[in-house]
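Student: The structure under discussion is supplied below as structure tokens; questions concerning it will follow.
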Amino acid sequence: MTLAWLLFQFLVCAVLIARAGYVLSRSADTLAAAYGWGRGWVGLALLATVTSLPELSSGISAVAFVDAPNLAVGNALGACVVNLLFLVVVDALQRGQPMYREASSTHLLSAGFGVVMLGFVAMSLLTGNRAPAVLHVGVYSPMLLVLYLLALKGVHAHERQAMAAVGATPAPAAAGQTRHAWRHFGLAALVVLAAGSWLPQVGDGLAQALGLSRSFVGTVLMAIVTTLPEMAVTLGALRLGALDMAIGNLLGSNLFNVLILAVDDAFYVRGPLLADAASVHAGTAVTAMVMTGLVIIGLVMRPRGRTLRVVSWVSLALAATYVVNAALVYLGGV
């Protein structure tokens, strides 16, 4: 296939995913109001799961059909750092003080679990073939699943306590309105899944046409496109004034993206997935840990003011860390 045709397919995927992501944000906000769910939990559990469907379908396709473990691992971990980078945009769009002044402390739980899960991934990548396995699956996979479920339970319990403390009660919603929201949510999720399944072949073709490594294409190019739902949902949430839903979606997507590595591992029958992946991905995992740590610092310190009247110093540090990681992956050439 020609480069122009590959780029056209890449653009079509981007448009479909971005539009579907916007529909998801509106539908999820309606459902949250109808059922009395906390917006942070909705972003973490409901939106993050669906907006990460491109990474899920791309990862499964990459290991099961394209036989490209570096593409799958690079896409999942690259999506994590892109999500964290997009917090810079959220910070810039937030009026008044930096977003860390207004964000809920519940996000500290999501970020903390993210650091732990990414730590397991980094250790597994560095250990390589020496890591123990059960059949063809690495022992890290069940650990990641348990940590993800604990994160969902912990955040949900924390938000329920917070809502009970302020006496928040759900507003009644018409049954027809709820069904309409679920219908739109489901259709948008199907569009995201279909476009995400299309991406691995396009990404692999671009890697060959441009002479780029699969690790770089997965970590940078595919990661940007497959995180378009997160971006669209985040922007939609900000337009609705739901800052916690926006942040919860991005941090929750990172948790799900790490869980995707466990799912990919099950479909990769040649052995533990992370044992066959290039060690350069450990740098991306560590980068995501560093960026998540910066977010935790911002949520605890609650910085005032903005650098150059645009973003907080935390956001500048996030952007700088992302650029360094992209350069290291490119130079790695795997």
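The values are calculated or read from the model by the stated rules, or taken from the named source; none is laboratory data. What you are looking at is a predicted structure, and each value in this text was computed from that prediction instead of being measured. Here the Cβ is made from the backbone with ideal geometry for all residues, glycine too, and neighbour counts use every protein chain on show.
Student: Tell me the residue from Ala92, Ala32, Ala14 that is on the phi < 0 side of the Ramachandran plot, among the hydrophobic types (A, V, I, L, M, F, W, C) and either under 17 Å from the mean Cα position of the chain (by Cα) or not in a helix (DSSP H, G or I) (or both), please.
Tutor: Ala14
Here's the yes/no breakdown for (1) aromatic (Phe, Trp, Tyr); (2) closer than 16 Å to Gly74 by Cβ; (3) part of a loop (DSSP other than H, G, I, E, B); (4) in contact with a strand residue (DSSP E or B) (Cβ under 8 Å, 6 or more places away or on another chain):
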| residue | (1), (2), (3), (4) |
| --- | --- |
| Ala232 | no, no, no, no |
| Leu235 | no, no, no, no |
| Leu238 | no, no, no, no |
| Phe256 | yes, no, no, no |
| Leu261 | no, yes, no, no |
| Ala266 | no, no, no, yes |
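Student: Separate question: For segment 114-141, what are the residues that are surrounded by fewer than 16 Cβ atoms within 10 Å (Cβ to Cβ) and within 10 Å of Leu261 (Cβ to Cβ)?
Tutor: Within segment 114-141, no residue meets the criteria.
Student: Every residue in segment 240-254 that is of a type outside the set (S, T, N, Q) and part of a helix (DSSP H, G or I), please.
Tutor: Leu243, Asp244, Met245, Ala246, Ile247, Gly248, Leu250, Leu251, Gly252
Student: While we're looking at this one, here's another question. Out of Leu294, Leu259, Leu255, Leu251, I need the residue that is of a type outside the set (Phe, Trp, Tyr), closer than 18 Å to Thr227 by Cα and surrounded by fewer than 24 Cβ atoms within 10 Å (Cβ to Cβ). Which one?
Tutor: Leu259
Student: Moving on. What pairs come up if the first residue lies in segment 178-207 and is charged (D, E, K, R), the second is not in a helix (DSSP H, G or I), and their beta carbons are under 7 Å apart, counting only those six or more places apart or on different chains?
Tutor: Pairs that qualify, where the first residue is charged (D, E, K, R) and the partner is not in a helix (DSSP H, G or I), are Asp204/Val66; Asp204/Ala68.
Student: Test Ser105 against the stated conditions and say whether it is polar (S, T, N, Q) and out of contact with any Pro (no Cβ under 9 Å at 6 or more places or on another chain). Spell out how you get there, then give the answer.
Tutor: Details: polar (S, T, N, Q): yes; out of contact with any Pro (no Cβ under 9 Å at 6 or more places or on another chain): yes.
Spelling it out, Ser105 is indeed polar (S, T, N, Q) and out of contact with any Pro (no Cβ under 9 Å at 6 or more places or on another chain).
Student: Can I ask one more? Could you please give the count of residues in segment 268-291 that are surrounded by fewer than 24 Cβ atoms within 10 Å (Cβ to Cβ), part of a helix (DSSP H, G or I) and not small (Gly, Ala, Ser)?
Tutor: Total meeting the criteria: 5.
Student: Quick test of your reading of the structure: Ser124 fulfils all but one of (1) among the hydroxyl-bearing types (Ser, Thr, Tyr); (2) at pLDDT below 85; (3) touching a strand residue (DSSP E or B) at 6+ places or on another chain (Cβ under 7 Å). Name the failing condition by number.
Tutor: Checking Ser124 against (1) among the hydroxyl-bearing types (Ser, Thr, Tyr); (2) at pLDDT below 85; (3) touching a strand residue (DSSP E or B) at 6+ places or on another chain (Cβ under 7 Å), the one that fails is (2).
Student: Tell me the residue from Thr106, Thr30 that is among the polar types (S, T, N, Q), crowded, with 24+ Cβ neighbours inside 10 Å and in contact (Cβ under 8 Å) with a residue 40 or more places away in the chain, please.
Tutor: Within the list Thr106, Thr30, the selection yields Thr106.
Student: Here's another thing I want to ask about it. Can you name every residue in segment 66-111 that is charged (D, E, K, R) and within 20 Å of Leu243 (Cα to Cα)?
Tutor: Scanning segment 66-111 gives Asp91, Arg95, Arg101, Glu102.
Student: Next question. In the list Val300, Val334, Val311, which residue meets the criterion of being under 15 Å from Met99 (Cα atoms) and at pLDDT below 90?
Tutor: Of Val300, Val334, Val311, the one residue that is under 15 Å from Met99 (Cα atoms) and at pLDDT below 90 is Val311.
Student: Looking at (1) outside any helix (DSSP H, G or I); (2) buried (at least 24 other Cβ atoms within 10 Å of the Cβ); (3) among the aromatic types (Phe, Trp, Tyr), can you tell me which one Trp37 breaks?
Tutor: (2)
Student: Checking the structure you have, find out if any residue of segment 210-230 is on the phi < 0 side of the Ramachandran plot, at pLDDT 75 or above and among the acidic types (Asp, Glu).
Tutor: yes
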